[in-house]
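For reference, the structure is listed below as structure tokens.
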Amino acid sequence: MKASPDGRRPLSLVQRARDDEPDAEMKPLDLGIVRRLFGYTRASARKRNGLIALTVVRASQLPALAWVSALIIAGPIAGGRTSSLLGWLVGYTVLAISTDALFHFRQRFALEIGEEVVGRMRAEIFDHVSRMPMSFFHRVKLGRILGRVTSDVESLRVGIEHVIFVGIVQLGQMVFAAAVMAFTDWVLFLVVLGLAPVLWVLNDHFRNRLSRDTRAQQESFSRVTATLAESINGIRVTQGFVRQDTNAGLFRGLLADHSRYSMGTARSSAILLPLLELNSQFFVAILLMLGGWQVFSGQVDVGVLITFFLFANQFFAPLQVLGNLYNQALISMAGAERVFQLLDTKPDWEDAPEAVELPDPREKGPANGGPVAADFCGAGVEFRGVSFGYDAARPVLHDVSFTARPGKMVALVGHTGSGKSSIINLVSKFYLPTAGEVLIDGREIRTITGRSLHRQTGMVQQHNFLFAGTVLDNIRFGRPGATEADVRDAVARLGCVDLFDSLPQGLRTVVGERGSGISTGQRQLVCFARALLADPRLLIFDEATSAIDALTEARLQQALLTLLAGRTSFVVAHRLSTIRHADLVLVLDRGRVVERGTHAELLSLKKHYAALHDQFTRMGGA
Amino acid sequence: MNAFPGDLAVEPVSNGRLIRRLFGLAWRYRARCVQVLGLQLLLLTLGLSGLSLTGLGIDYISWVLGQRGEVRAVEFPQAKFGLQLPQSWEPLNVLLLIAGCILAFAIVRAVLNFFYTISINRLVQQRLVVDLRGEVYDKLQKLSFRFFDANTTGSIITRVTGDVQAVRMFVDQVMIQSVIMIVSLTIYTVYMASLHPGLTLACLATTPVLALISVAFSRHIQPLYAQSRELVEQMVQHFSESIQGVQVTKAFGREQEDREAFAAKNRAVFDQQKGIFWRVSLFSPTVGFLTRINMIVLLGYGGWLVIHGELPLGTGLVVFAGLLDQFSGQVNQVATLVNSVQQSLVGARRVFEILDAPVDVSDAPGAKARPRLGGNVRFDHVAFSYDRNVEVLQDIELEVKPGQCVAILGATGAGKSSLMSLIPRFYDPTAGRVWVDGIDVRELRIEDLRRAIGIVFQESFLFSNTVAANIAFGHPDATQAQIEKAARVAAAHDFITQLPQGYDTVLGESGNTLSGGQRQRLAIARAVLLEPAILLLDDPTAAIDSETEHEIFEALENAIVGRTTFIVAHRLSTLRRADFIIVMEEGRIVQRGTHAELMRVPGAYLRVADLQLVNREDASALLREKEERL
């Protein structure tokens, strides 16, 4: 964007972030990648082999058709032989039918194989990604992963469907045409051959120019859409501050800018296409003169000339197609490389191979016929000298030790960055400690599988993600086998039946991507119900910090107590009323536990906690 | 006054009216359309000349050979348009002449082709699309919030981008293209008929079949493609959600189920596409074969004619083959054209919906200009509803004097935000009046009214632009000094100067993410930069975590000095500071008074206060402590 003359900031609505490194659009051909890609067709090997055979046959059929028609014109027609014309025509018809019949299979198989490979790849990416530990998702942006599974995989499909199979047909067609022409008259063929490089160079030059232009055009368009998106999301601000006219002016500027780039692209293709056509007309002119001279001097027959007129295109047309296919191949290569890169990303860590399932004592109890001891309902958690950092250089927890006895509630209190979330991440085995041990039910966390631990864990987060679907589905998420009655029962235990019934369609209300359609408080309740239904022994609760309207808040507090009862729980607490219920309050400061005890004990210490408490009460107005 | 805010397209527009309107749109660009068509006509003629010259060359060679007795004698070839080949010239020179003509025509054609592409792109990319997008954008910005609540960002973006393209498609790919098609098909047919009517009829026999099949097929396959797009969308949506909700999935150990669910969606895509593949692979060979039948007829019947001397080889058969080829090329376009019509109608409907949407709030004729407003706000028996059924506000009576601060308390949906949004006329009341400085807001110029009002929303939207540009949003010409002054009032100056590029830091880049408290302070700075007489604060602490909440209290306290302030709040600490408080329930004001007054009477306010004072012992302990310290 240009700077204004008086040196002031140029006016704009949106500035582009500078740190989104663009993906490479093309990559040179790499045999390793091609081989690996080819491996994906192994599952449909018979279809693939059949298809390759079909393409080879088709590559000869297309020029054969042209040849036969040239032979008919040059032979029986030019020579005036009615009797043989009919025979030739029957031959042509048979060839035409077989060509088109074969085309059905060639096209269908190619499309199917392309889709099969792409589907397999998508499934593999999904599996791979879903096995990644949390650190991966904190590091990699959603858009990047989505790009792999959409545009990159799509470019691979084109690569397989077109580059390989159309490529074979076109190349074969060219070779066949060349052979026929050389066989018919090699002098004229040399002329054709001489024009080929011209065509190739022309095509190549403009293709590069076009792809440059297209990229610039797309970039300018992304400026348009980015501004558009922000204009829509910020419409309240715009109207509130009466900026409509200014914004409209800026947007028109962007549109004009974009149209300049579009014209640039148009200009390039406006030159290329006529030039290509000119080239073929040039060939016709040369053929007429050179061929005419040869004919007059009795060297060749007039039929040869006609053959060439009809045949040259069989040779020239693939040249252009192959050029485009080559480009496409490079694009697919870049896509394949990125996909394989993702698939080859090793998880930072995996469950140790000798890791065992964390037994659930509740399952044993009834099997033995005996009741489950109350102690067994919650899991025991112990930290022994735990240190941890998201990257090695910056540790966020130092030598943390504590014990959470089964069924007890631990509140984590401290400023942002004091290490509360890290403790939660370690308890739930989203990350592994860099030093020290985390024990669950007396077992080192590395010796138990993440899956078995998670089956006994429930989690309610601050920003609660609800999946698109009904409230019912979302609550059932933690226990897919649950019936609607089970869900109602859970909701009833939380004492919130009326709140859910007041939703537009009750439990069947559909909630959107970010749980839109229901309020923050209701969203939280859905998560409570989800956790309660899963009936975990270990519950992790990251309390919402933002204000919820006062009446809903009171309901939440009640529901929370129900949810926590009989489970070991870790609560990142922001409400005094929550902290007061804790059996153990851990006060964290810069990665260390600086105070521990109950609410009352800590208050009487009149140190860290008391200061925090003071702040809370002032803020909360209590 | 039937249409309610946000309602689009009250009644469906018929296709006929839509098409008429699209023609009207094209009429605005008639000069350029005519230019494009003229060029295309010229190109068509020149193309045919090239083809017929090639035929002429072949015939001439045959004639020369016939004269020498090497092959059957044929008639001397006739050039078109009464032109005559010089019979006396050296044969090779004649060929040179023909070849030269072919080349000359080809060059002219290439140049014209260049101009054609340029001029159609000028029409479309430089004029039509720019104008239309600009118009839609202008209109969008004037639409009420209801529209933006009802439509997702993605779908609105599509209207400005894809749908506008669909509309312009009507001009260049439907209108112009169909004229070109009709003209060229006519010319080809006439030319072919002039060569041999019988052969023309025989060769074109399959054409109607071809056109019908193409159209029928595309009608048949379109819904399948739409279905396929939907399935793919669902699959991608699932993928995206799985990543966004990965922590939930992992925490509940549901990865396996999730993988299976994705696999099922992935498979559904393939299974559905398989059907499409079958149909496509049936269609294209059929079309291919139908086209080849023409060739068989030409070779058989045409060949017979040539043999019997009724058709010349070059100017007859070869030219005919060329014409036939271009003819079927055009016929194959029929299906594309039909699709374009459908697509552009769908797009046009969506674009015109926006262009036709009533602007609910606009300046009344003769609206009063009031560059400075004082800040007296009065609600007089105001009622309001977004749609006819649910009354959001009922019988609101309220007066706020200049400089007063009123706090509004109430549960979600009680009507707090709606009440505030009536002051800057984001909506108009359905009954009653809102007065500012004794003037009904509907009689004020909207620009003056809104400039006198500063607004801070629950979650303030900041643009991906520099800090300075965001603060100066309402007043783009603000000086650096003005911007800094506003930032200081909002207690934001200190943290801004600590950002990597200070006021020039672009928000949204990694590392430049601000905390909720910082964002709200920028929003407050943005609001106070205009020195508004009235300040609307819609729950400005809602989205901020309690740890950084205190950061914005200083900002708020500075900001409200000397301004009429409406603030939605939940926390007693904020409520207590207001000059008076109104408590809202289901669209009505149920209580009003100062904090002290309301604490004395049983009611909603006291209940809320009680809830927040859950820990009375703690509070009293704290009080005791403070007293001790004193």
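Before moving on, here are some points about what is shown:
- Residue check, A:F206 touching a residue at least 40 places away in the same chain (Cβ under 8 Å), farther than 30 Å from B:A251 by Cα, under 28 Å from the mean Cα position of the chain (by Cα) and assigned to a helix (DSSP H, G or I): no
- Selection from the stretch B:296-320 of residues that are within 8 Å of chain A (Cβ to nearest Cβ), within 50 Å of the chain's Cα centre (by Cα) and under 14 Å from B:M192 (Cα atoms): B:V318
- Subset tally (residues that are under 17 Å from B:L204 (Cα atoms) and either touching a residue at least 40 places away in the same chain (Cβ under 8 Å) or more than 52 Å from the chain's Cα centre (by Cα) (or both)) for the stretch B:321-345: 11
- For B:A469, the criteria (1) surrounded by fewer than 22 Cβ atoms within 10 Å (Cβ to Cβ); (2) without any contact (Cβ under 8 Å) to a residue 24 or more places away in the chain hold in every case but one, which is (1).
- Identity of the residue in the stretch A:109-139, among the β-branched types (V, I, T) and more than 9 Å from every other protein chain (Cβ to nearest Cβ), that ends up farthest from A:M26 (Cα to Cα): A:I113
- In the stretch A:39-47, the condition of being aromatic (F, W, Y) and either part of a helix (DSSP H, G or I) or in contact with a strand residue (DSSP E or B) (Cβ under 8 Å, 6 or more places away or on another chain) (or both) is met by no residue.
- All positions within the stretch A:391-404 that are over 19 Å from A:I448 (Cβ atoms) and surrounded by 15 or more Cβ atoms within 10 Å (Cβ to Cβ): A:P395, A:V396, A:L397, A:H398, A:D399, A:V400, A:F402
- The one condition in (1) away from chain B (no Cβ under 14 Å); (2) on the phi > 0 side of the Ramachandran plot that A:G167 fails to fulfil: (2)
- If you go through the stretch A:49-73 and pick out every residue that is polar (S, T, N, Q), surrounded by 17 or more Cβ atoms within 10 Å (Cβ to Cβ) and under 38 Å from the mean Cα position of the chain (by Cα), you end up with 1.
- Of the residues B:A491, B:A481, B:A472, B:A486, the single one that is more than 23 Å from B:F384 (Cβ to Cβ) and modelled with pLDDT under 90 is B:A491.
- For the stretch B:405-430, a tally of residues being within 35 Å of the chain's Cα centre (by Cα) and outside any loop (DSSP other than H, G, I, E, B) returns 6.
- Residue in the stretch A:444-466 that is without any contact (Cβ under 8 Å) to a residue 24 or more places away in the chain, away from chain B (no Cβ under 14 Å) and over 26 Å from the mean Cα position of the chain (by Cα) present: yes
- Test: residue in the stretch A:134-148 that is in contact with a Gly (Cβ under 7 Å, 6 or more places away or on another chain), surrounded by fewer than 22 Cβ atoms within 10 Å (Cβ to Cβ) and farther than 25 Å from B:N294 by Cβ: no
- Segments classed as strands (runs of 3 or more DSSP E), wholly inside the stretch B:550-630, with at least 1 members that are modelled with pLDDT under 90, closer than 30 Å to B:N376 by Cβ and among the charged types (D, E, K, R): B:580-585
- Selection within the stretch A:252-302 - more than 37 Å from the chain's Cα centre (by Cα) and hydroxyl-bearing (S, T, Y): A:S280, A:S297
- Of all residues in the stretch B:215-249 being in contact with a Ser or Thr (Cβ under 8 Å, 6 or more places away or on another chain) and under 13 Å from A:F477 (Cα atoms), the one that is nearest to the other protein chains (Cβ to nearest Cβ): B:V246
To keep it simple, each residue is scored yes or no on (1) out of contact with any strand residue (DSSP E or B) (no Cβ under 9 Å at 6 or more places or on another chain); (2) surrounded by 20 or more Cβ atoms within 10 Å (Cβ to Cβ); (3) facing chain A (nearest Cβ under 8 Å).
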{"site": "B:T45", "(1), (2), (3)": "yes, no, no"}
{"site": "B:W89", "(1), (2), (3)": "yes, no, no"}
{"site": "B:L96", "(1), (2), (3)": "yes, no, yes"}
{"site": "B:V108", "(1), (2), (3)": "yes, no, no"}
{"site": "B:D131", "(1), (2), (3)": "yes, no, no"}
{"site": "B:Y137", "(1), (2), (3)": "yes, yes, yes"}
{"site": "B:Q141", "(1), (2), (3)": "yes, no, yes"}
{"site": "B:T152", "(1), (2), (3)": "yes, no, no"}
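- Screening A:R81 on (1) more than 10 Å from chain B (Cβ to nearest Cβ); (2) without any contact (Cβ under 8 Å) to a residue 12 or more places away in the chain shows it passes everything except condition (1).
- Selected residue [touching a residue at least 24 places away in the same chain (Cβ under 8 Å) and either closer than 20 Å to B:Q126 by Cβ or part of a helix (DSSP H, G or I) (or both)] from A:L278, A:L254: A:L254
- Residue pairs whose Cβ atoms lie under 7 Å apart, sitting 6 or more positions apart in sequence or on different chains, and linking a residue in the stretch B:367-387 that is of a type in the set (S, T, N, Q) to a partner that is part of a strand (DSSP E or B), are B:N376/B:V436.
- Scan of the stretch A:468-487 for residues that are under 36 Å from the mean Cα position of the chain (by Cα) and either at positive phi or part of a helix (DSSP H, G or I) (or both), ordered by number: A:G469, A:V471, A:L472, A:D473, A:N474, A:I475, A:R476, A:E484, A:D486, A:V487
- Positions within the stretch B:98-133 being of a type in the set (S, T, Y) and within 28 Å of B:G55 (Cα to Cα), in sequence order: B:Y116
- The residue of the stretch B:321-338 that is nearest to the other protein chains (Cβ to nearest Cβ), among those that are farther than 24 Å from A:V304 by Cα and not polar (S, T, N, Q), is B:G329.
- Residues located in the stretch A:386-428, provided they are closer than 25 Å to A:R575 by Cβ, assigned to a strand (DSSP E or B) and in contact (Cβ under 8 Å) with a residue 24 or more places away in the chain: A:V396, A:L397, A:V400, A:F402, A:A404, A:M409, A:V410, A:A411, A:L412, A:V413, A:G414
- Hits in the stretch A:588-610 - residues which are assigned to a strand (DSSP E or B) and either within 14 Å of chain B (Cβ to nearest Cβ) or in contact with a Ser or Thr (Cβ under 7 Å, 6 or more places away or on another chain) (or both): A:L588, A:D589
- Here A:L89 clears all of (1) touching a residue at least 12 places away in the same chain (Cβ under 8 Å); (2) under 23 Å from A:D185 (Cα atoms); (3) within 7 Å of chain B (Cβ to nearest Cβ) except the condition numbered (2).
- Among the conditions (1) facing chain B (nearest Cβ under 7 Å); (2) surrounded by fewer than 17 Cβ atoms within 10 Å (Cβ to Cβ); (3) not acidic (D, E), A:N324 misses just one, which is (1).
- Residue check for A:A490: of a type in the set (A, V, I, L, M) and touching a helix residue (DSSP H, G or I) at 6+ places or on another chain (Cβ under 8 Å): yes
The values are calculated or read from the model by the stated rules, or taken from the named source; none is laboratory data. As the structure is a computational prediction, the values presented were derived from the model and not from experiment. Note that each Cβ is placed from the backbone with ideal geometry, even for glycine, and that neighbours are counted across all protein chains shown.
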